[in-house]
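Student: Next up is a structure, given as structure tokens.
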2 protein chains.
Amino acid sequence: MTQLSRLPQWQALEAERHALAGFHLRAAFAGDAGRHARFARHLSVGGTRVLLDLSKHRIETRTLELLLELAEARALRARIDAMFSGERINTTEQRAVLHVVLRDLSPRPVRVDGADVKPEVISVRDRMLDLAERVRDGRWTGHTGARITDVVNLGIGGSDLGPQMMTVALAPYHDGPRVHFVSNVDPEHLRSTLVGLDPKTTLFIVASKTFTTIETMTNARAARSWLVKGLGAETATARHFVALSTNANDVAAFGVAPANMFEFWDWVGGRYSLWSSIGLPIAIAIGRERFLQMLAGAHAMDEHFRTAEFAQNLPVLMGLVGVWYVNFWGAASQSIAPYSQHLARFAAHLQQLDMESNGKRVNLEGEVVDHETGPVIWGEPGTNGQHAYFQLLQQGPALIPVDFIVAAQSPFADDAQHRILVANCFAQSATLAVGKTADEARAEMIASGKSEPEARRLAPHREFPGNRPSSTILVLRFDPFTLGLLTALYEHKVFVQGAIWGINSFDQWGVELGKQIATKLADALGDPKAPLDAASTGIVGAWREMRGAK
Amino acid sequence: MTQLSRLPQWQALEAERHALAGFHLRAAFAGDAGRHARFARHLSVGGTRVLLDLSKHRIETRTLELLLELAEARALRARIDAMFSGERINTTEQRAVLHVVLRDLSPRPVRVDGADVKPEVISVRDRMLDLAERVRDGRWTGHTGARITDVVNLGIGGSDLGPQMMTVALAPYHDGPRVHFVSNVDPEHLRSTLVGLDPKTTLFIVASKTFTTIETMTNARAARSWLVKGLGAETATARHFVALSTNANDVAAFGVAPANMFEFWDWVGGRYSLWSSIGLPIAIAIGRERFLQMLAGAHAMDEHFRTAEFAQNLPVLMGLVGVWYVNFWGAASQSIAPYSQHLARFAAHLQQLDMESNGKRVNLEGEVVDHETGPVIWGEPGTNGQHAYFQLLQQGPALIPVDFIVAAQSPFADDAQHRILVANCFAQSATLAVGKTADEARAEMIASGKSEPEARRLAPHREFPGNRPSSTILVLRFDPFTLGLLTALYEHKVFVQGAIWGINSFDQWGVELGKQIATKLADALGDPKAPLDAASTGIVGAWREMRGAK
């Protein structure tokens, strides 16, 4: 593959970057009343309204055109079609990438190696949602016949972050048992979660495709001990554990009935799996109908992504604007600011989604790339971040683009308090863009009574450089449909960037090696005579010694 | 002030950076069995053991020497002494910076403008801890005489992140009422927290220095309505609200008795305030004795910072190593990986602490600096991050230093599961440092049955470049003393970096402006005829229109 930097479209963007060296968003807005209209995309996606406002970016019309030309040069359309048609685009694992099928509620066949995967998808989903409904309405009972009040999901990575993010995000729609998430192998995570839970009324979900993930299986065994001890019967396991896995043998050996194992497929990556059986905790929290609405929202975004022209295509535009900053302006990170407390885990989910997908330095041909790839993704819900790290976004030296995500309506009655929330969101993006000059800061201080010399001394500290870019995504409200849509939007944004960079967004060898080495080292820590690598000898010795200390 | 980059010590470090261009941690460990011993600092701080392992950094002995020379050139020792002696080092607000006094349990006087501040500190702390104990043991009752079961802290920024981080971190030591934190002005944050709480047994803490913070006061008024409605008496407020504030008039007008207002001082910044009255929710959760242990741990770190020679000084070394990556290797972010689920909010606290302190582009003299300053701080607890974004840390193109934080002992019985946790931590730092060559990856695949051409094709994808730096901080266990110590360690690390960069780490004008503008815009959103700035007109129009949509 030609290295990206040699492409004429890439070089045109480098020239554009230089042409915009003197660009400032303050001047851009002041000189152009039509700027918002030109760079905002007001769309209807699956019948719901979505606004993507790109007006606060360091772009002109020409910039977007050049970015769209880069997308053409990288054959983005063909890549999208390859994914949707079930080609094995995950080339290092020789797998198709078909999480989009999980949310396509139509009977339209999708073939992998000639066989339609839809019937199996529908069958497993029906079984999974049936279980969720039985747990919710009390037809499923525990070993003693008591109804389930608490569900504990045991999983890590994609078997935790996706379902947890979505469950937390949809808190206003919960009407089932309480749902808890335990991921960490730190024994404190499970122990502190079980405080106050009753084995009689607790159901565990063991979410591990292979049923060998060390964290998850360690917690599963500890949970089973707690349960069996509490109920005094080994056989209780069958009524208190279900499994999301493909390893039927180990699941049965653990004590889970085959009917309570829900499989998924090798064409569903962990970070894209909340739409599969891995979504069971979500379904238990919100119920079948809302779960299906969530899938429908994601599917609406899939259809938008698959069919909309690139100039009106939300994931394509967001992906390209991200590339613009990562590769041409040196942005090393992207901040996510959802203005909703329930989206507290959205950034953590995107961290996995984006950084596990595009944190790669080798392209599809196995060459080391000559450019940056995935940025660091981070953020806390607004308005909280404003009282903390927004200092650095506003006045630090670095360029960090922000995604503001906000809903026009509150899930309950629209009220004055929600308006304050929205005002904060819009105020931050405006301040980042426009800033405040030292002259303005000085004049303000003099007006409020500061002396001229003092105002002059302080002005540089109270100057805001502005010209700091952000997207604003405005949706109607954060309901199941819209959360499905938003999550799929980011999935496809990541896809777009992977396609531009020419990397495989669907493997994760960097995660696999960690698992391998930790298992080896855990054995070695138990055996003082085990040989250790040069980088570990010192720290392990210190640990051994401190472990025995008072 | 001389711009940093003109200092000979800075230029010597630039030369050192070039001299280390071919440095690789794999070779460094292979060629030097004494590397760990050379770069690990095994210390006793306040009687507890702490290990800082710097061996997995791109440094040689000379590098550390040069960094220490930079610290001398920036008069770090004098800066430290100026803080501890109460000088007004926050020069843009003309304030002393004395959070260290809050944890100095000795009667030794500390003077600001000639007056000893200690007596007042001790008096307020005694009153605050006395309240905590009365709430805990039931002497404090609600309006109906019922005992308090739930405490809700209403605060944002430093009045939320610090106490929340510490309360969550010390979960194994909780033996008081449940403590909740509501920060966001999103009405859903308060509403969803109050679900299941009983006004009769709920105590609210309103934490706002000025008692005017819009988020906090909006939530406080909503909470008061909920309470008064639930108990049917306006006068109930006095038994269910206390205030952490300095605004006695507004506090009284709100309905809080003067005896239940706990003040703090203008020499305590928000992000350093958990040691003050702002720590009340921590004290209610863990009690007086453990709260004092937490202070003692922080004070032990203060004494270490103030007195230890720089070559053995933990905050100095951590700060300098951070500067090394930010300014000489282009690292834009720093990942924090605490191997403890209870430290889930540690990175969020450090985000505020670090980014609000050092996210500045202007030095003490008001000149725009010619170098980067504070990095983005981000992270999730290990082992969770390993299954997600560690992909990018291991195999992405960017350089991102990691702080691994781990305890040798579990708070409960030391067990096999805790050993797996520790093994994961050490395995990640070793893999980041040493990596895996393409040859090793190929040989492994062939050994496991892959064909030669397939192994050759996949090897670049399964290669780990290594040479990725990390610190490991190993402590005995995460108890109140150690958490105090660790938190103070990071406070002083931030101080060191601010001193090197020559910026004021103690103001936050970037946060202040956001508050100002949001208030103005919230008014404008309520009035369709209000004038709007050019950058806001478009998005506000879209919001108005979508707000009325179905």
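Student: Along Cα→Cβ, 7 Å out, is where each label goes; now give me the distance between the ones at A:Leu105 and B:Thr537 in nm to one decimal.
Tutor: Simple spin-label model gives 4.2 nm for this pair.
Student: In bins 5 Å wide, starting from 0, what share of all Cα pairs of the stretch B:19-69 does each bin hold, as a percent?
Tutor: 5, 17, 25, 23, 15, 9, 4, 2, 0
Student: Determine by what factor the alpha-carbon radius of gyration of the stretch B:102-169 differs from 2.2 N^0.38 Å, reporting the quotient. Don't jump to the answer; show the numbers that get you there.
Tutor: Details: Rg = 15.9 Å, N = 68, 2.2 N^0.38 = 10.9 Å.
Taking the Cα Rg and dividing by 2.2 N^0.38 Å, one obtains 1.45.
Student: Pairs B:Lys118/B:Lys209; A:Lys529/B:Lys450; B:Lys56/B:Lys436: which exceed 27 Å Cα-Cα?
Tutor: Values: B:Lys118/B:Lys209 20 Å; A:Lys529/B:Lys450 33 Å; B:Lys56/B:Lys436 16 Å.
From B:Lys118/B:Lys209; A:Lys529/B:Lys450; B:Lys56/B:Lys436, over 27 Å: A:Lys529/B:Lys450.
Student: Could you state, as a whole-number percent, how many of the C-alpha pairs of the stretch A:445-550 are farther apart than 18 Å?
Tutor: On the way: 4241 of 5565 pairs.
Cα-Cα pairs in the stretch A:445-550 separated by more than 18 Å: 76 percent.
Student: Rg/Rh for the stretch A:1-134: what does it come to with C-alpha atoms and Rh from Kirkwood? Numbers along the way, then the final one.
Tutor: Numbers: Rg = 21.6 Å, Rh = 19.2 Å.
Ratio of gyration radius to Kirkwood radius: 1.13.
Student: Moving on. Lys and Arg at +1, Asp and Glu at -1: add these up for the other residues within a Cβ distance under 11 Å of B:Leu343 and post the number.
Tutor: Numbers: positive: B:Arg345; negative: A:Asp186, A:Glu188, B:Glu380.
My count for the surroundings of B:Leu343 gives -2.
Student: For B:Pro8, place a label point 7 Å out from Cα along the Cα→Cβ vector, do the same in each other copy, and report the separations in nm, one decimal, smallest first.
Tutor: 5.4
Student: Running Debye on the stretch A:181-257 with equal point scatterers at the Cα sites and no solvent, what base-10 log of I(q)/I(0) appears at q = 0.11, 0.27 Å⁻¹?
Tutor: Debye output, listed in q order: -0.25, -1.42.
Student: Of the GluC sites (Glu not before Pro) in the stretch B:299-366, which ones lie in a loop per DSSP and count no more than 13 other C-beta atoms within 10 Å? If you can, show how the numbers build up before the last one.
Tutor: Working: sites: B:Glu303, B:Glu309, B:Glu356, B:Glu365; in loops: B:Glu309, B:Glu365.
Here the sparse-neighbourhood loop sites are B:Glu309, B:Glu365.
Student: What accessible area per residue, rounded to a whole number of Å², is obtained for the stretch B:201-307 using a probe radius of 1.4 Å?
Tutor: On the way: 3280 Å² over 107 residues.
Each residue of the stretch B:201-307 exposes 31 Å² on average to a 1.4 Å probe.
Student: Got a sec? What order do B:Lys229, A:Lys436, B:Lys56 fall in by accessible area at 1.4 Å, biggest, i.e. largest, first? Walk me through the numbers on the way to the answer.
Tutor: Working: B:Lys229 175, A:Lys436 25, B:Lys56 5 Å².
Ranking B:Lys229, A:Lys436, B:Lys56 by accessible area, largest first, yields B:Lys229, A:Lys436, B:Lys56.
Student: Let me know the shape class of the stretch A:354-473, please: from the alpha-carbon gyration tensor, a ≥ b ≥ c as square roots of the eigenvalues, rounded when a/c is under 1.5, otherwise prolate if a/b is greater than b/c, or oblate.
Tutor: Values: a/c = 3.56, a/b = 1.43, b/c = 2.50.
It comes out oblate by the Cα gyration axes.
Student: Considering only the protein assembly as shown, what is the antiparallel percent among its DSSP beta bridges, to the nearest 5? Provide the component values of the computation, followed by the final result.
Tutor: Details: 32 of 90 bridges.
The answer is about 35 percent antiparallel.
Student: When the accessible area of the stretch A:1-56 is split by element with a 1.4 Å probe, what percent falls to carbon and sulfur?
Tutor: That fraction is 53 percent.
Student: With the calculation restricted to Cα positions, what are the radius of gyration and Dmax of the protein assembly as shown in angstrom?
Tutor: Rg and Dmax of the protein assembly as shown, Cα atoms, are 28.1, 85 Å.
Student: If you don't mind, there's one more thing I want to ask. Between A:Ala30 and B:Ser192, take the C-beta separation as r, use R0 = 51 Å, and let me know the FRET efficiency to the nearest 0.05. Could the numbers behind the result be given before it?
Tutor: Values: r = 42 Å, r/R0 = 0.82.
Efficiency, rounded to the nearest 0.05: 0.75.
Student: Which parts of the stretch B:377-419 would a label at B:Arg41 reach, counting a residue when its backbone N lies under 20 Å from a point 7 Å out along Cα-to-Cβ?
Tutor: Residues passing the 20 Å test: B:401-408.
Student: Assuming R0 = 25 Å, what is the FRET efficiency of A:Arg178 and B:Lys229, from their Cβ-Cβ distance, to the nearest 0.05? Let's see the in-between values first.
Tutor: Numbers: r = 26 Å, r/R0 = 1.03.
My answer for the efficiency is 0.45.
Student: Taking the Cβ of A:Leu161 as the center, what net charge do the other residues with Cβ under 11 Å away carry, scoring Lys and Arg +1 and Asp and Glu -1? Intermediate results must be reported in sequence, preceding the final value.
Tutor: Values: positive: A:Arg271, A:Arg345; negative: A:Asp160, A:Glu356, B:Glu380.
Net local charge, A:Leu161 excluded: -1.
Student: With a 1.4 Å probe and all protein chains left in place, how much of the accessible area of the stretch A:260-348 comes from carbon and sulfur atoms, in whole percent? Don't skip to the end; give the middle numbers.
Tutor: Details: 820 of 1800 Å².
Exposed carbon and sulfur together represent 45 percent of the surface.
Student: Determine the distance separating the Cα centre of the stretch A:181-240 from the Cα centre of the stretch B:155-233; give it in Å without decimals.
Tutor: So the two Cα centres are separated by 31 Å.
Student: From the C-alpha gyration tensor of the stretch A:235-337, pull out the three semi-axes of the equivalent ellipsoid (sqrt of 5λ each), sorted largest to smallest, in whole Å. Write down the numbers at each step before the final one.
Tutor: Numbers: eigenvalues 293, 61, 33 Å².
Computed over the stretch A:235-337, the values are 38, 17, 13 Å.
Student: Express the carbon and sulfur contribution to the solvent-accessible surface of the stretch A:89-216 as a percent, rounded to the nearest whole number, probe 1.4 angstrom.
Tutor: Details: 2210 of 4270 Å².
That share works out to 52 percent.
Student: Related question: For A:Leu70, what charge total do you get from the other residues with a beta carbon under 14 Å from its beta carbon, if Lys and Arg give +1 and Asp and Glu give -1? Walk me through the numbers on the way to the answer.
Tutor: Values: positive: A:Arg6, A:Arg17, A:Arg62, A:Arg74, A:Arg77, A:Arg79; negative: A:Glu14, A:Glu16, A:Glu65, A:Glu69, A:Glu72.
After counting each charged neighbour, the total is +1.
Student: Could I ask something else about it? Would you mind pulling out the separation of the Cα centroids of the stretch B:447-464 and the stretch A:71-132, in Å?
Tutor: Rounded to whole Å, the Cα centres lie 27 Å apart.
Student: Set the Förster radius R0 to 35 Å, insert the Cβ-Cβ distance between A:Ala146 and A:Thr210 as r into 1/(1 + (r/R0)^6), and round the FRET efficiency to 0.05.
Tutor: On the way: r = 32 Å, r/R0 = 0.92.
Once rounded, the FRET efficiency stands at 0.65.
Student: Mean residue ellipticity at 222 nm from the helices of the protein assembly as shown, using -39,500 (n - 2.57) per DSSP H segment of n ≥ 4 over the full residue count, to the nearest 500 deg cm²/dmol? Could the numbers behind the result be given before it?
Tutor: Details: 45 runs with 504 residues, N = 1100.
Mean residue ellipticity at 222 nm (helix-derived): -14000 deg cm²/dmol.
Student: Using a probe radius of 1.4 Å on heavy atoms only, what accessible surface per residue do you get for the stretch A:392-550? Whole Å² is fine. The partial results should precede the final answer.
Tutor: Working: 4930 Å² over 159 residues.
Roughly 31 Å² per residue, with all protein chains present.
Student: In the stretch A:220-245, which residues have a backbone nitrogen under 12 Å from the label point lying 7 Å from A:Ala253's Cα in the Cα-to-Cβ direction?
Tutor: none
Student: In the stretch B:28-61, which residues give up 30 Å² or more of accessible area once the other protein chains are added, compared with their chain alone (1.4 Å probe)?
Tutor: B:Phe29, B:His36, B:Arg49, B:Lys56
Student: Residues of the stretch A:341-366 with accessible area at least 40 Å² lower in the all-protein-chain context than alone (1.4 Å probe)?
Tutor: A:Gln341, A:His342, A:Gln351, A:Met355, A:Gly359, A:Arg361, A:Val362
Student: State, in angstrom, two size descriptors of the stretch A:437-484 derived from its alpha carbons: Rg to one decimal place and Dmax to the nearest whole number.
Tutor: So, for the stretch A:437-484, Rg and Dmax equal 19.5, 57 Å respectively.
Student: Related question: Quick one: which bits of the stretch B:427-448 get at least 10 Å² less accessible when the partner protein chains are in, versus the chain alone, with a 1.4 Å probe?
Tutor: B:Ala427, B:Gln428, B:Ala430, B:Thr431, B:Val434, B:Lys436, B:Glu444
Student: How much accessible area does A:His57 have with a 1.4 Å probe, in Å² rounded to the nearest 10?
Tutor: 0 Å²
Student: DSSP loop (so not H, G, I, E, B), at most 15 other Cβ within 10 Å: list which chymotrypsin sites (Phe, Trp or Tyr not before Pro) in the stretch B:295-401 pass both filters. Each step should come with its number before you reach the end.
Tutor: Details: sites: B:Phe305, B:Phe310, B:Trp324, B:Tyr325, B:Phe328, B:Trp329, B:Tyr339, B:Phe346, B:Trp378, B:Tyr389, B:Phe390; in loops: B:Trp329, B:Tyr339, B:Tyr389.
Listed in order of number, the matching sites are B:Trp329.
Student: Continuing with this model, one more query. For chain A, build the convex hull from the C-alpha positions and give me its volume per residue in Å³.
Tutor: Values: hull volume 113.8 nm³, N = 550.
Spelled out: Cα convex hull of chain A, divided by residues, is 207 Å³.
Student: Follow-up question, since we're still on this one. Using a 1.4 Å probe and counting only protein heavy atoms, how much accessible surface gets buried when B and A come together, both sides summed, in Å² to the nearest 100? Spell out each step's value before the answer.
Tutor: Numbers: alone 23350 and 23360 Å², together 35030 Å².
Protein heavy atoms only, the B-A interface buries about 11700 Å².
The values are calculated or read from the model by the stated rules, or taken from the named source; none is laboratory data. Remember, it's a predicted structure, so these values are computed and weren't measured experimentally. Here the Cβ is made from the backbone with ideal geometry for all residues, glycine too, and neighbour counts use every protein chain on show. Surface areas here come from the heavy atoms of the whole protein model, side chains and all, with no ligands, DNA or RNA. Shrake-Rupley method; radii C 1.70, N 1.55, O 1.52, S 1.80 Å.
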